[in-house]
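The values are calculated or read from the model by the stated rules, or taken from the named source; none is laboratory data. Please read all numbers here as calculations on a predicted model, not as lab measurements. Here the Cβ positions follow ideal geometry from the backbone for every residue, glycine too, while neighbour counts run over all protein chains shown. SASA here: full protein model, heavy atoms, side chains in, ligands and nucleic acids out. Shrake-Rupley method; radii C 1.70, N 1.55, O 1.52, S 1.80 Å.
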Amino acid sequence: MKFSEMKYERPDLDKVLAQCEEYAKKMAAAQSGEELVQLYREENAMMAHYHTASCLASIHYTQDTRDEYWSGEQEWFDATGPAVSNAARNVAEAILSNPHAKALEEAFGTRILPSLRNLVLSMDDRVIELQKEENALTSAYQKLYGGAMAELDGKQLTIPQLTLYKQSTDPAMRRKAYEAEAVYFDAHRAEFDEIYDKMVKNRNEQARILGYNDYSELSYIRMNRIGYGPAEVAAFRQEVVEQVVPMIQKALALRNKRTGIENPMFWDSTISFADGNPVPHGSYDELMAGARKMYHELSPETAEFIDFMQDNEMFDVLSRPGKMSGGYEEMLPDYKTPFIFANWNGTAGDVDVLTHEAGHALEGYLAARSPKNIPEDIQCPGMESAEIHSMSMEFLTAPWHHLFFKEDTDKYELLHAEDSFIFLPYGCMVDEFQHIMYQQPDLTPDERNAVWLELEKKYRPWNKFGDLPFYGRGAGWQRQLHIFECPFYYIDYCLATAIALQFFVASLKDHKDAWQRYMKLTNLAGMATYTELAESAGMKAPFTKGSLTELSRAVADWIEQHQVS
Ligand SMILES: [Zn+2]
C-alpha cells in the first residue's frame, strides 16, 4: 500500500488502557508457557495498531508542522504517551510474575526477559513529577539552543546555517563563524549552566528514588543495556584511548599534508581536502535511480526492499517549507513498512540517507516479514545494535558509491573512513564526561568545563583552541544536544562503529562473505544482545583489552594507502 493511501484514525485511549489491563491479568494467570507466549503475541499485535497510528500522526506532522490537524494529533499522542508507557510497564510486570515466563526466552531469544525487567525497573509512579520537570528542562534547552541567532558579516544566521561558513576554504571566515556561535553561547552562559545543573540534580533524584546511587547507574537500565555494564564501557573507552587515538594522530598528519594546513587550529578541523569536501552529483531522480541499481545488484533481499520502498512512497527526503528539519527512519508495524524522512541539502549527508537510514529500514522490513513470526516489540534490537545495521550498510554499499559521487568517490571513501575513526574518541569523551557529571553532581560550572578540557587532552590531544571564546573555556559540550536531551545515548554510536569498522575491513577482504555475515546478524532482529549479534557475524565486541588493536591498525593502514591528493 502506498503511504498516501494509509488510513489514520485516532486510537480510543480508554479502550487501549483497558485492553492492556486485561492482558496483564491474563498473562499473570496464564497456566502454561504456551499460553503465555500466545498472549504475548496477541498483546503485541493489539499495541501495534496504537503504534501505527502514533507513527502515522508523527510522520504527517513532521511533513508539515504548520498543519493544524496533524499538530493536534501529535499533541494528543504526546499527552497520552505517559499513560500508555505506564500500562506497558504493568504488562511487563505481570509477565515477569508468571512462573512460566522462561517460555518467552525459549520462543524469542535472550533479550526479551532482561528487556521486560529493565522496563519495570526504569519507571515508577514516584518519579512522574520529576520526569515532567525533566521534560520542561529539555524544552527550555531546545528553545534556548533552537532560538540561537548569530551575527556574521552583518547577517543574522541560525546555528545550522553557520555550518556552511565553518567549512569555508577561507580560514579567517571559518574562525569568524566559530566566534559568531561563541558569542551567543557566552551571552547565555548562565542559562545553559543553570539548565544543566538542574537536569543533573533532577535525574540523580529519580535514580535515588528508584534505588540507584546516581543517574549514571540508572542510565544502563533506561538505555536497556543487556550483557554489559559500566565496567565494560569503561574498558572500551580505555581501548579507544590506547589503540585508536594514536592511529588517528597518524591519519591527521596525512590529512594536514593533503590540506596544506601545517598547524591546524580547532576551526580548521572542518577542512579535509584543499579543494573542498566531496558532494553527490545528480538530481533527485538520478540519486534515487542510483539507489535502486545499487540495492538490485547487492542482493535479492535488498532488491525487493528498495522496489517496495520506492514504489510505495516510503521516502520523503526533499526539503520544503513547513517540513521539520533533521531525518529519521520509523516503522509502521501494521503495514510492515519502514518510512524514511530527511532533508536533502546537496552534501554527502544526502547519500547517507540512502545507505545509513536504508540500513535501519532494511532490518525493520525483514524483521516484519521474518519466517520466525517475530512480535513487534522484539523486531528491533537495542540502539547500540540497531546502529550496526545502518553504519555497516554505509561501508557495505561502497562498491556502488560511484553512482552518487562520480569523480569524488575516492575522496568520499577516505573521508568516510576518517570520520568514522575520529568519531570514536569524541563519542567516548561525551560518555565519560556524563559519568563524571552525575557521579559528582555538585561541581560548579567552571569545574564542569575544566573536566571537559581535561578529557579533550585525553581523547582529542590534537585540538588546539587558542583564544577562541566559549570553546577555549571548555564549554563546547553545551552544543552537544544529546548531553542535555538523551543522556548516555552517545556511546551507542561508538559501540556500533566498532562493529561497522570490522564489517568495513571484512568487506575489503571478501565482500560477499561480509555481506552474508551482515545478513545473518540482521536476520536475528531484536532477539539477541549486542555481543551475541556481533559474534553471530564473527565480529568482536570491544570490551576486552586488545580488542581494538588489530582493527585500528587495519583502518589506519587503509587510510594511509588511500590518500587522495
Ligand atoms: Zn542511525
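If I ask for residues that are surrounded by fewer than 21 Cβ atoms within 10 Å (Cβ to Cβ) and within 13 Å of the ligand (Cβ to nearest atom), which ones from the stretch 370-381 would you list?
CYS380
Which condition number in (1) surrounded by fewer than 22 Cβ atoms within 10 Å (Cβ to Cβ); (2) within 12 Å of the ligand (Cβ to nearest atom) is the one that GLU387 fails?
Result: GLU387 passes all but (1).
On the basis of being in a helix (DSSP H, G or I), of a type in the set (D, E, K, R), closer than 30 Å to ILE261 by Cα and open to solvent by 10 Å² or more (accessible area, probe 1.4 Å), does LYS464 make the cut?
Taking the combined requirement at face value, the residue does not satisfy it.
I'm told MET6 meets every condition in (1) in contact (Cβ under 8 Å) with a residue 60 or more places away in the chain; (2) open to solvent by less than 60 Å² (accessible area, probe 1.4 Å); (3) within 25 Å of GLY382 (Cα to Cα) except one. Can you identify the failing condition by its number?
(3)
Taking into account only those residues within the stretch 220-257 that are among the charged types (D, E, K, R) and surrounded by 16 or more Cβ atoms within 10 Å (Cβ to Cβ), which is farthest from the chain's Cα centre (by Cα)?
Filtering first and then ranking leaves ARG255.
Kindly establish whether ALA367 is modelled with pLDDT of 95 or more, small (Gly, Ala, Ser) and more than 14 Å from the chain's Cα centre (by Cα).
yes
Of all the helices (runs of 4 or more DSSP H) wholly in the stretch 132-217, which have at least 1 residues that are under 30 Å from SER272 (Cα atoms)?
159-166, 171-187
Answer yes if at least one residue in the stretch 338-352 is in contact with a Cys (Cβ under 7 Å, 6 or more places away or on another chain) and touching a residue at least 60 places away in the same chain (Cβ under 8 Å), and no otherwise.
Scanning the stretch 338-352, I find no residue that is in contact with a Cys (Cβ under 7 Å, 6 or more places away or on another chain) and touching a residue at least 60 places away in the same chain (Cβ under 8 Å), so the answer is no.
For the stretch 344-367, which positions are within 24 Å of ASP334 (Cα to Cα), open to solvent by 10 Å² or more (accessible area, probe 1.4 Å) and more than 15 Å from the ligand (Cβ to nearest atom)?
LEU366 - this is the single residue of the stretch 344-367 that is within 24 Å of ASP334 (Cα to Cα), open to solvent by 10 Å² or more (accessible area, probe 1.4 Å) and more than 15 Å from the ligand (Cβ to nearest atom).
Quick one: would you say GLU301 is away from the ligand (no atom under 16 Å from the Cβ), of a type in the set (D, E, K, R), at pLDDT 95 or above and touching a Leu at 6+ places or on another chain (Cβ under 9 Å)?
Answer is yes for this residue.
Residues checked against (1) open to solvent by 70 Å² or more (accessible area, probe 1.4 Å); (2) in a loop (DSSP other than H, G, I, E, B); (3) touching an Asp or Glu at 6+ places or on another chain (Cβ under 9 Å):
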residue: ASP275; (1), (2), (3): yes, yes, no
residue: PRO280; (1), (2), (3): no, yes, yes
residue: MET288; (1), (2), (3): no, no, no
residue: GLU330; (1), (2), (3): no, no, no
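Across the stretch 390-410, what is the number of residues that are buried (at least 22 other Cβ atoms within 10 Å of the Cβ) and either β-branched (Val, Ile, Thr) or away from the ligand (no atom under 16 Å from the Cβ) (or both)?
Of the residues in the stretch 390-410, 4 are buried (at least 22 other Cβ atoms within 10 Å of the Cβ) and either β-branched (Val, Ile, Thr) or away from the ligand (no atom under 16 Å from the Cβ) (or both).
Cβ-Cβ below 7 Å, separation at least six or inter-chain, first residue in the stretch 262-276 and within 10 Å of LYS464 (Cβ to Cβ) and at pLDDT 90 or above, second hydroxyl-bearing (Ser, Thr, Tyr) and in a loop (DSSP other than H, G, I, E, B): which pairs?
Hits for this filter: PHE266/TYR471.
Which of the residues that make up the stretch 459-500 are touching a Cys at 6+ places or on another chain (Cβ under 9 Å) and within 16 Å of the ligand (Cβ to nearest atom)?
Result: TYR490, ILE491, CYS494.
Inspect all residues belonging to the stretch 319-337 and state whether any of them is modelled with pLDDT under 90, more than 16 Å from the ligand (Cβ to nearest atom) and hydrophobic (A, V, I, L, M, F, W, C).
yes
Among the residues of the stretch 308-328, count how many are in a helix (DSSP H, G or I) and of a type in the set (A, V, I, L, M, F, W, C).
Residues flagged as in a helix (DSSP H, G or I) and of a type in the set (A, V, I, L, M, F, W, C) within the stretch 308-328 amount to 2.
Does ALA83 satisfy being in contact with a Leu (Cβ under 9 Å, 6 or more places away or on another chain) and under 22 Å from SER97 (Cα atoms)?
yes
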